[in-house]
Amino acid sequence: MSTPAAEHAPGRAAAGGVAARARGLTKAYGSGETSVLALDSVDVDIARGRFTAVMGPSGSGKSTLMHCLAGLDTVSAGQVWLGDTEITGLKDRELTRLRRDRIGFMFQSFNLIPTLNAAENITLPMDIAGQKPDPKWLDQVIDTLGLRDRLRHRPAQLSGGQQQRVACARALASRPELIFADEPTGNLDSRAGLEVLGFLREAVDDLGQTVVMVTHDPGAAAHSDLVLFLADGRIVDEMERPTAEAVLERMRLFTTAGAGAMPAASVEASAAPPSPGGAVDPGAPGRPGGED
Ligand SMILES: Nc1ncnc2c1ncn2[C@@H]1O[C@H](COP(=O)(O)OP(=O)(O)OP(=O)(O)O)[C@@H](O)[C@H]1O
């Protein structure tokens, strides 16, 4: 099946183009009676240079969507592209190289190496790949994240928020086309979480990065430009310029009405419009340089 990029899909991109795209993306785990349909023919465009959040009830397919878009998991049917490269069908070795060269990851657990200092952790993936970071870009990332005076510290000498900033810098260091963040604030207190969201926001606004973040937290989603809502493996709604209140309201609608069983159109028809005043506040509580 081949589907032109211009065809409507949730999250459809504007002028900046499409960083990643899926058509008919289907993922089933297991077989026979125990089979679980984690993704059910999802069409989605991830707009370049924007911050997209993915929300939905537990088990709705958020992590599976992220893993399939990032080439971390195989698909059962459908196609996925990173930029113009179709990644479905790539061999393991090609996928590994593509992930290493073009994608940055941030996970709930920071996965920092305890014996390396912050600077070494930041460049570790590039060192492993035998690549040299662009020094100008690296400086910009370090300054944007307020890590300049923490570079010689080991993870144990850093606060949780600072550790997550290092993880953020590591994801940005190679200037990837796309950053996937899976619950990046899940293990942080609210202040450190706000800092990280502020930095992701700055990565998009000031550094022109593309970020896709899976989250359960409406407050976190409010830092994004666009929220995609998943239910039962389908994208059932989307919200531009989200506010935490509007996202929470929309989530309530899904859970109380059993949105998984609702067709997308009826969800859209009954959902409150996004608040026009819901523009993000890029990191007001989380400017770089704040000491934890
Ligand atoms: N490796 C696996 N084997 C079998 N089933 C799986 C596997 N991974 C995910 N699933 C199932 O696929 C569905 C979607 O899971 P997924 O982890 O993508 O949901 P999620 O929205 O990220 O959930 P949560 O918010 O709880 O992390 C769930 O029903 C889950 O049980």
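List of remarks:
- Qualifying residue in region 102-110 (condition: modelled with pLDDT of 95 or more, within 29 Å of D205 (Cα to Cα), crowded, with 19+ Cβ neighbours inside 10 Å and within 16 Å of the ligand (Cβ to nearest atom)): no
- Verdict on M239 being under 25 Å from G24 (Cβ atoms), free of Cβ contacts under 8 Å to residues at least 40 places away in the same chain and of a type outside the set (K, R): yes
- For L188, the conditions (1) at pLDDT 80 or above; (2) within 24 Å of P176 (Cβ to Cβ); (3) away from the ligand (no atom under 16 Å from the Cβ) all hold with the exception of (1).
- Applying the condition of being at positive phi and more than 9 Å from the ligand (Cβ to nearest atom) to region 38-86 and asking which residue is surrounded by the most Cβ atoms within 10 Å (Cβ to Cβ) yields G71.
- Checking each residue in region 48-60 for being over 25 Å from E94 (Cβ atoms) and either small (G, A, S) or part of a loop (DSSP other than H, G, I, E, B) (or both) picks out G49, R50, A53, G56, P57, S58, G59, S60.
- On the stretch given as region 202-259, residues that are part of a loop (DSSP other than H, G, I, E, B) and touching a helix residue (DSSP H, G or I) at 6+ places or on another chain (Cβ under 9 Å) total 15.
- Residue-level check: of (1) of a type outside the set (D, E, K, R); (2) buried (at least 16 other Cβ atoms within 10 Å of the Cβ); (3) at pLDDT 90 or above; (4) more than 18 Å from I179 (Cα to Cα), G146 misses just (3).
The values are calculated or read from the model by the stated rules, or taken from the named source; none is laboratory data. Quantities reported herein were computed from a predicted structural model and do not represent experimental measurements. Neighbour counts are summed over all protein chains in view; Cβ atoms, including those assigned to glycine, are modelled from backbone coordinates with ideal geometry.
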